[in-house]
1. Say a label goes 7 Å from Cα toward Cβ at C:Ile154 in every copy; what distances in nm does this one have to the rest, shortest first?
2. Taking each residue of C:83-90 in turn, how many C-beta atoms of other protein chains fall within 10 Å of its C-beta, and what is the average?
3. What gaps in nm, shortest first, separate B:Pro234 from its twins in the other copies when you place the label 7 Å past Cα toward the beta carbon?
4. Can you list, shortest first in nanometers, how far C:Leu103 lies from the same residue in the other copies, with each label 7 Å from Cα toward Cβ?
5. Looking at the square roots a ≥ b ≥ c of the eigenvalues of the Cα gyration tensor of the range C:65-143, which shape do they give, rounded for a/c under 1.5, prolate if a/b is larger than b/c, or oblate?
6. Grab the Cα-Cα distance for C:Met240 and C:Ile150, subtract it from 0.36 nm times how many residues apart they are, and report the gain in nm with one decimal.
7. What's the FRET efficiency of B:Tyr164 with B:Ile23 using the Cβ-Cβ distance as r and R₀ = 41 Å, to the nearest 0.05?
8. So, by mean Cβ neighbours within 10 angstrom, what's the order for B:173-182, C:19-28 with the highest one leading?
Amino acid sequence: MSFSTNMRFKFPILAIVLQIVIIILFGVFVKYDTHDHSGPHNSTHEDNTFLNLYPLFQDVHVMIFVGFGFLMTFLKRYGFSSVGINLLIAAFGLQWGILMQGLWHLHGGKIEIGILKMINADFSTATVLISFGAVLGKTSPVQMLLMAIIEITIFACNEHLAGYLGASDTGASMTIHAFGAYFGLAAAAVLYRPGLKNGHENEGSVYHSDLFAMIGTLFLWMFWPSFNSAIADPGLNQEMAIVNTYFSLAACVLTAFAISSLVEHKGKLDMMFSNYARCCSGCNTGDLCCWRSSHRFISKVTNLGTTT
Amino acid sequence: MSFSTNMRFKFPILAIVLQIVIIILFGVFVKYDTHDHSGPHNSTHEDNTFLNLYPLFQDVHVMIFVGFGFLMTFLKRYGFSSVGINLLIAAFGLQWGILMQGLWHLHGGKIEIGILKMINADFSTATVLISFGAVLGKTSPVQMLLMAIIEITIFACNEHLAGYLGASDTGASMTIHAFGAYFGLAAAAVLYRPGLKNGHENEGSVYHSDLFAMIGTLFLWMFWPSFNSAIADPGLNQEMAIVNTYFSLAACVLTAFAISSLVEHKGKLDMMFSNYARCCSGCNTGDLCCWRSSHRFISKVTNLGTTT
Amino acid sequence: MSFSTNMRFKFPILAIVLQIVIIILFGVFVKYDTHDHSGPHNSTHEDNTFLNLYPLFQDVHVMIFVGFGFLMTFLKRYGFSSVGINLLIAAFGLQWGILMQGLWHLHGGKIEIGILKMINADFSTATVLISFGAVLGKTSPVQMLLMAIIEITIFACNEHLAGYLGASDTGASMTIHAFGAYFGLAAAAVLYRPGLKNGHENEGSVYHSDLFAMIGTLFLWMFWPSFNSAIADPGLNQEMAIVNTYFSLAACVLTAFAISSLVEHKGKLDMMFSNYARCCSGCNTGDLCCWRSSHRFISKVTNLGTTT
């Protein structure tokens, strides 16, 4: 078996083995969360919990697959792989996330799947997708799958540890955003080769690619209130999270365009900064605003230096 | 009147006549479904039925108009007509579907329109849009309208017959997917001309077109849980349909990318296979998985052979 | 300070000053609408009001930012600025709209923010975005911000006046659509220069731009039922608004394609007319159908004459 043949079979074998392992683990550990429906009298209320949160789940789902997927399409050579590999990682990550997060919260030895578990599964993929931004174009699908396994496992432990310590981490600023950013930068540092320093010719952007990237940016920006509120306590807390995120997103757009116009050559507006607007709006809870947006700027400087 | 003038007026006259016929039939047969609101006491619960299902309806709506619309845009010459004619067929089809499906379920000689009827109307257009994939570039708007009339009429009869026979067809695998696929193949066979055999120069794909097609694929993939659950029985059945579809979609992505990597030249990932991932995920109900996805592969081989 | 330096700093300073003014006014006048949650017994019902309307709000949100954003991308030079400046104006406009609309409905000297206020804030930006279509490519970001301030202030007064006079304006046909169209035409007339008469070379359209514009058109078309029903009275009225808009949208597509085919050179279908389909479907309330769609046709003739 030659080396290239070996390479060719590595990815499909890894993907299929992982999927078989996940199916077995699901068979052993996973069951439906049916106890919402045990009482005959409160069926209306409890049914509403699932269907009331389902639109917020779908907003998060769109952010993960369309938002993150199209965010990186402005790189002219990686547009298609950005969307495709994003789909691959997220589809694997949400299954792995269910298992890793669920193992910390077993009920009678089982992981009970409901709408909140599905939202959390989508959240756990966000960590890997943030890191993906720092290593795009430097990694193979095999490496991305391995990175997803490691990163989501550590993320689930971090999240459990934060809950154990009683740390306040609303919106998962630390466990998802800061962790994803630094994990990605660390991975990029390990994969760094001196020959890549002066920028890769594949990293330029083209006009239409920017419009595709705007699709990703806009869906991330619009549905951010759903992301911040989906797993909040029901009632007033959830509504306040939605209202706060809505207005801070709007305020950050004006600030971001102003700074973009000051910093950029000839006062042009740069699309990257509208993404900054989304990130910065995370600071409605007062914690870690700078950390949260920093991963975009850092990845812009380190990875995307040739596109401005 | 010359032949070309004749051709020019054929489509607008057919479209306007069809619309007038539909408006008359709506005037005679259709009324609002108001009996949810007859009781003064249960208004809260019943209001929720409409608004609780409305987000699922909008997900299906996005699948029909954005999902199917952009699915075919990878053909470089048919991108725009794919989206435009998809809009035309679906807008006609949902009105025709209301009438054809409603005639089998009259209440006092009237079709009562509520959220479930609107979801079913969107469903009935899916049949035609699946067939559309097999005849894209071979048909005129006039032919497509005629095909929609015939196909939706037969679909409504099939669906009623399946209900009459007590056939289990969860997710409408037979009545929508298999029927749409084979109807489309039959239509393509009738329209087949030997000169087209070696592939049409209009059928190549270009880079940006693929990204547009990913928009369609992703919206179909993401909202598939809504499609499978929208008309399920409320409560646990609906939730199980959502959960099952969510995980089988994710599992199928890994499998599809693995097979794509094995089959394709140089192990590249092919976008078509991510669409296969969506189709195959329909098999969570255990029935007709292969039939359901086969229409994509068959149409790939017969229609899109030059794009790979 | 040279002229060009002056120009460069004008926009960022205006944007930041406006944002600071808004933050101060929010601090003085705005508070959460918490009285839904004052009663301990009806919490389930009242929570549902926010979450039941939240999906409709997100549909409107997508219309404002993706729908209007991508509507104008068919102009080959303005695609990116269309999406970007649309984001800027809407993000400013929704904050300004909260203040201008809220000042007419103070509760104890405060503006109480809930889901209906957020939907109305998105609505008030629609006025400016409709006018935006008439002046695209003729204005700077500074001029657009000033236009947004003036137009939203007048819009809020008009809306209050219409309510005071008891005028029926369902779907806001007059206060949003007709007002936005004529304000934009007036602004375009003021900015008119004879040298621009024969069409601007930047105004041509290209193939891929049209597909981006279809994204905007489709999202506006699909979510129009949410736009028309979001602030309607709960229950049957809201459901009738959804059902009516759904079917009139579908009917208008057939009519629009028929007219497009008659009018256009060689019977080709023109994308602009599918947008007309959306506008005309607003006439389900019987009032001002022509006014409502006229702004598209007028702007087509005056501004976009070179694209057909």
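Every number in this text was worked out from the coordinates using simple rules, so none of it is lab data. A quick note: this is a predicted structure, and the numbers were derived from the prediction, not measured. In this analysis, Cβ positions are derived from the backbone assuming ideal geometry, glycine residues included, and neighbour counts consider all displayed protein chains.
1. Output for C:Ile154: 5.8, 5.8 nm, nearest copy listed first.
2. On the way: counts 8, 12, 2, 2, 13, 8, 1, 2.
Mean inter-chain Cβ contacts per residue within 10 Å come to 6.
3. 1.5, 1.5
4. Computed spacing set for this position: 6.0, 6.0 nm.
5. On the way: a/c = 3.42, a/b = 2.49, b/c = 1.38.
Prolate shape, in that a/c is at least 1.5 and a/b is the bigger ratio.
6. Numbers: separation 90, 0.36 × 90 = 32.40 nm, distance 3.45 nm.
This chain segment gains 29.0 nm when fully extended.
7. Working: r = 30 Å, r/R0 = 0.74.
It comes to 0.85.
8. Values: B:173-182: 21.5, C:19-28: 14.3.
Descending mean neighbour count gives B:173-182, C:19-28.
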